[in-house]
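Student: I'd like to ask some things about the structure below.
Derivation of every value follows stated rules applied to the coordinates shown; laboratory data play no part. Here the structure is a predicted model, which is why all the values come from computation and not from measurement. For neighbour counting, all protein chains shown are included, and Cβ atoms are generated from backbone atoms with ideal geometry for every residue, glycine included.
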Amino acid sequence: MAAVEAATEKIVVTLPDGKPLELPGGATGAEAAAAIGPGLAKAALAIKVGEDLLDLSAPLPDGGEIAIVTDRDPEALELIRHDAAHVMAEAVLELYPGTKVTIGPPIDSGFYYDFEFPADTKITEDDLGKIEEAMRRHIGADESFGRREVSAAEAIEIFRGQDQDFKVELIEDLVRDEGVETVSLYRNGPFEDLCRGPHAPSTGRIKAIKLNSVAGAYWRGDEKRESLTRIYGTAFFSTKDLEAHLELIEEAKARDHRRLGPQLGIFMLRDEAPGMPFWLPNGTTLLRLVETEVRDQLRKRGYQEIATPQVLDEGLWHRSGHWDNYKDDMYFMDDGDRRYALRPMNCPGACLVYAADRHSYRELPLRLAEFGRVSRNEREGVLHGLLRVRAFTQDDAHVYCTEDQIIDEVTSICEAIDELYARFGFEDVHVELSTRPEKSMGSEEQWAKAEAALAAALESQGREYELNPGDGAFYGPKIDFHITDALGRSWQCGTCQLDFQMPERFDLYYTGADDSAHRPVMIHRALLGSMERFAGILIEHYAGRFPVWLAPVQAIVLPISDRHNAYGAKAMEELREAGVRVAVDDRSESIGKKIRDSSIGRYPYMLVVGDREEETGSVAVRSHADGDLGEMPIAEFAVRVRSETGTS
């Protein structure tokens with residue numbers, strides 16, 4: 001009788017439109033999709049129950065809110081890329097027996113999997129086609145993804161029997177660190193992997209794949225552990241989408257700042273100083289132009305500029321809290337009995353400046369800005385041009401204020417960031433509010449107060465933002481600004497961080513209207529973040545062809561022959577006097593070669609000079625943006641450039 005009752009039990013779930021759907025007890029996501037309609041059943045990839053993404057085979061809870069995931073949903077692409085990572089591992093094990101597999105996650109642009117290949121096997125990009133071909137066979141076979149739960153002990157024996165040591169280590173760590181008793185395994189074809197899931201119903205849902213590159217990696221990112229081979233790939237629901245993605249990759253390669261930077265005389269990197277860029281003349285000019293825009297915001301908003309030492313006593317970093325939360329990323333040096341550290345951040349130095357004098361409530365907010373040089377001991381394997389370096393400059397500032405002044409100060413900082421990003425051509429900006437991380441200092445009450453203050457500041461501006469739980473700084477919550485470049489990539493740049501901790505640690509105070517001591521609030525803010533990183537983003541955003549106001553060299557003078565070099569030099573000097581950033585190409589080369597080379601240099605203007613121009617005191621102007629503009633008096637061209645830079 002009880003069995004009959006169980007079979008007739010019903011559950012009710014709620015669909016995205018709010019309508020209820022009645023299903024038999026124990027019904028799965030696949031059965032829910034079929035109950036809605038045969039078309040949806042065919043298109044279904046997974047199911048969302050609340051915020052959880054699950055396999056279609058997962059049973060549904062009574063009263064749950066569900067949504068059927070198809071290839072039109074944002075979660076779908078990550079899902080099939082996860083599928084594709086498993087298919088790649090399946091293909092690799094088929095082609096290279098004895099390979100040990102580690103982890104294979106989906107990432108923003110696709111997926112990767114790390115492998116330890118047999119000692120006599122070296123995988124290069126020439127091997128990717130063969131692996132792709134094997135993957136397509138398994139995709140064409142439409143192999144089902146099947147999940148099973150086994151005890152941790154059984155899973156360890158399974159993978160130990162396959163000589164998959166990395167999987168054994170992962171499970172043992174799960175048992176030790178999380179106390180798990182069971183784990184889930186997913187099988188596609190002959191390949192079974194340790195995986196939390198979810199997965200699509202079968203490999204056939206992957207419609208287009210491409211393996212992109214091979215790179216080195218270390219097991220668990222530890223340089224002291226096993227050296228692995230990482231294979232990157234991507235997957236899409238259509239060949240058209242894949243082709244569009246591959247075109248974007250080619251465009252990204254063409255814009256790569258690591259190639260364009262040296263080519264355009266902006267920066268170079270040397271083995272003698274890994275992760276520490278050398279700024280060339282054009283790059284130094286670019287940095288100064290960027291700094292000028294930041295300093296304009298400092299002037300408008302009442303900031304005072306300071307400069308603090310790069311090397312400070314180790315004890316200061318214990319006092320600030322960086323020792324407990326940041327010491328692994330710091331450089332240290334000894335001087336006899338005393339130990340020093342290269343600063344990884346500028347804030348302790350700013351606190352010493354504040355503490356050096358007495359302050360009244362009438363002085364607040366006190367805004368101290370610094371273009372501070374910092375150093376961080378990044379692993380060499382993660383360095384990436386200007387985007388990930390060891391030595392860089394922050395457009396940093398620290399605001400000391402009362403609690404009543406927080407909203408106005410945060411609003412002013414947000415407005416400055418808005419104005420700067422618009423000036424540099426970034427129109428698509430989104431904002432995140434990051435809350436307390438696991439590794440942090442301070443009380444729950446302080447964090448709650450700080451998080452509420454930042455949220456109130458954003459809401460007072462009517463600004464949309466997303467919550468990013470657990471990603472705050474160790475001393476306080478933060479607002480992060482993300483810009484979108486010409487290729488649609490998102491970059492986190494500006495930040496505004498609220499800190500109740502450091503004023504306590506440095507015993508900072510001000511004298512209030514009641515003539516007693518009060519603790520200030522400290523706001524850490526950077527409008528652009530790392531100047532080096534922002535320069536790399538600018539290079540790629542503009543593909544090295546900067547707008548006239550930002551171009552390190554705005555025009556290049558091209559004498560037609562050697563006898564015109566003297567006039568070319570004269571034209572260059574007149575333009576320099578008029579405020580134009582200009583160079584001259586006086587090589588003994590044909591004018592055609594000079595023009596071709598100047599195109600590679602990506603100058604906004606080429607100024608050709610010959611007999612006619614020398615006679616009339618003019619230049620023949622070629623604009624990248626507007627084409628051939630004809631002859632123009634030197635003074636008139638200078639006015640044109642100044643009007644484009646906003647300095648006329």
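Student: For LYS327, which aspartates and glutamates qualify as cross-link partners when the Cα separation must be under 14 Å and same-chain residues fewer than eight apart are set aside?
Tutor: ASP313, GLU314, GLU378
Student: Using θ = phi - 60° and the Karplus form 6.51 cos²θ - 1.76 cosθ + 1.60, what ³J(HN,Hα) does each residue of segment 125-135 get, whole Hz, x for Gly and Pro?
Tutor: Taking θ as phi minus 60°, the curve returns 5, 5, 8, 5, x, 5, 5, 4, 4, 5, 4 Hz for segment 125-135.
Student: For the chain, state the semi-axes of the equivalent ellipsoid (square roots of 5 times the eigenvalues of the alpha-carbon gyration tensor), sorted largest first and rounded to whole angstrom. Spell out each step's value before the answer.
Tutor: Working: eigenvalues 508, 269, 136 Å².
Semi-axes from the Cα gyration tensor: 50, 37, 26 Å.
Student: May I pose another question? Between PHE278 and ILE249, 0.36 nm times their residue separation minus their Cα-Cα distance comes to what?
Tutor: Values: separation 29, 0.36 × 29 = 10.44 nm, distance 2.72 nm.
Additional length available on full extension: 7.7 nm.
Student: Same structure, new question: For the pair ALA43/ARG160, report the inter-label distance in nm, with labels modelled 7 Å from Cα in the Cβ direction.
Tutor: Each label point is offset 7 Å from its Cα along the Cβ direction, giving 4.8 nm.
Student: Once the Cα atoms of segment 514-587 are picked out, what are the Rg and Dmax in Å?
Tutor: Rg, Dmax (Cα atoms, Å): 22.6, 79.
Student: Give me the Å³ per residue figure for the convex hull around the C-alpha atoms of segment 75-246.
Tutor: Values: hull volume 20.0 nm³, N = 172.
Output value, Cα hull per residue: 117 Å³.
Student: Separate question: Pulled fully out, how much extra length does the chain show between ASP177 and ASP404, if you take 0.36 nm times their separation in residues and subtract their Cα-Cα distance?
Tutor: Working: separation 227, 0.36 × 227 = 81.72 nm, distance 4.37 nm.
Gain in length upon complete extension: 77.3 nm.
Student: Tell me which residues come under 5 Å, amide H to amide H, from GLY494 once H is placed; ignore anything under 5 positions away on its chain.
Tutor: Correct list: PHE481.
Student: For segment 249-320, what relative contact order do you get, as a whole percent, if you take Cα pairs closer than 8 Å and at least 6 residues apart?
Tutor: On the way: 31 pairs, mean separation 12.0, N = 72.
The value is 17 percent.
Student: Compute the separation of the alpha-carbon centres of segment 229-295 and segment 629-648 and state it in Å as a whole number.
Tutor: A separation of 31 Å, based on Cα centres.
Student: For helix 531-541, what angle does its Cα long axis make with the longest principal axis of the chain, in degrees from 0 to 90 and rounded to 10?
Tutor: 80
Student: To the nearest Å, what is the center-to-center distance of segment 29-49 and segment 517-577, using C-alpha atoms only?
Tutor: 55
Student: Report, by chain and number, residues whose modeled amide H sits under 5 Å from the one on TYR331, excluding near sequence neighbours (fewer than 5 apart, same chain).
Tutor: Amide H to amide H, under 5 Å and 5 or more residues apart or across chains, TYR331 pairs with LEU342, ASN377.
Student: Residues with beta-carbon under 11 Å from that of GLY610, excluding GLY610: net charge, scoring Lys, Arg +1 and Asp, Glu -1? Display every interim value, and only then the final one.
Tutor: Values: positive: ARG563, ARG612; negative: ASP611, GLU613, GLU614, GLU615, GLU631.
Taking every Cβ under 11 Å from that of GLY610, the sum is -3.
Student: Quick one: compute the contact order of the chain, relative version, from alpha carbon pairs under 8 angstrom and 6+ residues apart, as a percent. Before the final figure, lay out each step's value.
Tutor: Numbers: 1202 pairs, mean separation 55.6, N = 648.
With pairs under 8 Å counted, the relative contact order is 9 percent.
Student: Determine ³J(HN,Hα), in whole Hz, for all residues of segment 551-556 in sequence, where each value follows from phi through the Karplus function 6.51 cos²θ - 1.76 cosθ + 1.60 and θ = phi - 60°; x replaces Gly and Pro.
Tutor: Calculated HN-Hα couplings, in order: 5, x, 10, 7, 8, 10 Hz.
Student: For segment 371-479, report the convex hull volume of the alpha-carbon atoms normalised per residue, in Å³, without decimals.
Tutor: Values: hull volume 15.9 nm³, N = 109.
That works out to 146 Å³ per residue.
Student: How far, in degrees from 0 to 90, does helix 152-161 lean away from the longest principal axis of the Cα atoms of the chain, to the nearest 10?
Tutor: With rounding to tens, the tilt is 80 degrees.
Student: What is the Cα convex hull volume of segment 2-70 when expressed per residue in Å³? Can you show the working numbers first?
Tutor: Values: hull volume 5.6 nm³, N = 69.
Normalising the Cα hull of segment 2-70 by residue number yields 82 Å³.
Student: I'd like the Karplus ³J(HN,Hα) series for segment 64-77: coefficients 6.51, -1.76, 1.60, θ = phi - 60°, whole numbers in Hz, and an x wherever there's a Gly or Pro.
Tutor: Karplus-based 3J(HN,Hα) across segment 64-77 equals x, 9, 10, 8, 7, 8, 10, 5, 8, 8, x, 6, 5, 5 Hz.
Student: Regarding segment 555-645, what are the three Cα extents along the principal axes, ordered largest first, in Å?
Tutor: Principal extents (largest minus smallest coordinate, Cα): 33, 27, 20 Å.
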